Amino acid sequence: MSQDAYSVSELLQSIKINLESNPSFKSFWLKGEISNYTAHRSGHWYFTLKDEGARISCIMFANATLSVRFPVKEGDKVLLKASVSVYPPQGSLQINVSQMSLDGVGDLFLQFERLKKKLYEEGLFDQAHKKSLPRYPESIGIITGAKTAALQDVLKTLNLRWPGIKTSVYDTLVQGEGAALKIIDQLLLADQNKHDVLIIARGGGSIEDLWAFNDERLARIIYNLNTPIVSGIGHEVDVTITDYVADLRAATPTAAAQAVIRDFREVKGETAQFRQMLSKLINQKLNQSLLLFSGLKNYSVWSNPELIVQDPTVHLTMLTQRLFQYASTMKPTENRLKSLNEALRFAAIQSIRVKENTLMSLKHDLGSSLKGNLNLQSSNFAQSVGLLNAYSPLSVIQRGYSITKIEDKVIKTIEDVLVNDVLITRIKDGEIKSIVTQKESYGKEKL
């Protein structure tokens, strides 16, 4: 009989497994009144949740307590998001709490969860529908309150990272009645103005303060925008429906600004590396092209291709002349030699014609081959010259950049310059001479 009986540990472990694996008890909402509340020095909260007929032990771990936006006290009526757990050493049932709100505010949490579930199932949060942000935007639209700290944080960050970046502010209410509709109007206007990217931003606040950003109409407008949009709403712990449907969610307004524009100092460093790589590539291509052109220029067949045809013909003519001279000294056999000579001439003419035909064919083939090779090499050379011209420093100057020198030395670092040095700056249509009156080095802390 004892072999069929549970031990206490086995029974509690079996209950624990069955409860915690039940989907109904993995995540649910629970409401009641707090009693026996204790905030442990570890950061965990321990309390009992009760109603008129029952009570149950609860624990909220330190990382979850950070999201609670009100001072918890005895007697608070709260709404909890929780899961069931069993603590075998004491044989007790407990509730693990992940979210907590006051019961009145809790209705908003429930609405939030229902809308989030609905839009998720419709696919509005799918990564596949999110638009990529441009790497180097030229125009940024900012949808927020014109007098908010969030706007100042965004503008300050944008101008630090890319001085002079073009921005347009679309002033809107960011909380309260009518805020969601006002935000929608400004979003649609910003989208029509063809910015490269949009930022929708607001500082932190309670769930009631941020409620305009949980509006279903606003979520659907954001989903259908043509312009990529980054959300920077509240603090890191604040999450709204707008964050889920935006193309990118940033933890704060400042983080949103950092996400849409690169730091110009990073780009400057990368540009210097690319310039070195391009300069090396251009030099390699130029040297290869010059070497190839030099070889073609010195090729004797190219300078006089008829030599190939002329040499055999000249040699045959010389042999014929020597044969006539030898025949004239042979008087006794002159007639015979004459006959032989005629035969030889006929044979020679026939041979010459065959050779000429062969040589003409070879000449034609050689000419075609040389012409084709010349065209190929000329095309490669033209491409190399074109590439050289495209990456030439002079071409860069034509696009608005400049090169600054001291005499003939190009300035690459501030260490190359002294106060009172005369600088020569080469620009598109001339040179500018200037005198150094002051210099300032960007230290590592600025880079």
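A short reminder: the numbers here are calculations on the coordinates, not readings from a lab. What you see is a predicted model, and the numbers here were worked out from it, not measured in a lab. Neighbour counts are summed over all protein chains in view; Cβ atoms, including those assigned to glycine, are modelled from backbone coordinates with ideal geometry.
In terms of modelled amide H atoms, which long-range or inter-chain residues lie less than 5 Å from the amide H of Ile427?
For Ile427, whose amide H was placed from the backbone, the distant partners under 5 Å are Ile432.
So for the stretch 1-125, averaging the separation of alpha carbon pairs under 8 Å that are six or more residues apart and normalising by length, what relative contact order in percent results?
24
In whole Hz, with x marking every Gly and Pro, tabulate ³J(HN,Hα) for the stretch 141-151 from phi via Karplus 6.51 cos²θ - 1.76 cosθ + 1.60, θ = phi - 60°.
So the Karplus estimates, Gly and Pro as x, are x, 10, 9, 5, x, 5, 10, 8, 5, 4, 5 Hz.
Run the numbers for Asn96 and Ser378: contour at 0.36 nm per residue of separation, minus the present Cα-Cα distance, in nm.
Here the segment from Asn96 to Ser378 would lengthen by 93.7 nm.
Grab the Cα-Cα distance for Val385 and Lys409, subtract it from 0.36 nm times how many residues apart they are, and report the gain in nm with one decimal.
6.1 nm
Around Gly43, which amide H atoms from residues at least 5 apart in sequence, or from another chain, sit under 5 Å from its own amide H, with H modelled in the peptide plane?
Answer set, sorted by chain and number: none.
Please work out how much length the chain gains when fully extended from Arg426 to Phe61, using 0.36 nm per residue of separation minus the C-alpha to C-alpha distance, in nm with one decimal.
Contour length minus Cα-Cα distance gives 124.9 nm.
Hey, rough spin-label estimate for Lys166 and Arg220, points 7 angstrom out along Cα→Cβ, what's it come to in nanometres?
Output for this residue pair reads 3.3 nm.
Please list, in order along the stretch 187-202, the HN-Hα scalar couplings obtained from phi with the Karplus expression 6.51 cos²θ - 1.76 cosθ + 1.60 (θ = phi - 60°), rounded to whole Hz, x for Gly and Pro.
Result, ordered by residue: 5, 5, 5, 4, 5, 5, 7, 6, 6, 6, 7, 10, 10, 10, 9, 6 Hz.
Cβ neighbours within 10 Å, averaged per peptide: list 165-174, 19-28 in order, most packed at the top.
Sorting 165-174, 19-28 by mean packing, highest first, produces 165-174, 19-28.
Could you give me the ³J(HN,Hα) list for the stretch 228-237, computed from phi with Karplus coefficients 6.51, -1.76, 1.60 and θ = phi - 60°, whole Hz, x at Gly and Pro?
x, 9, 10, 9, x, 10, x, 9, 4, 7
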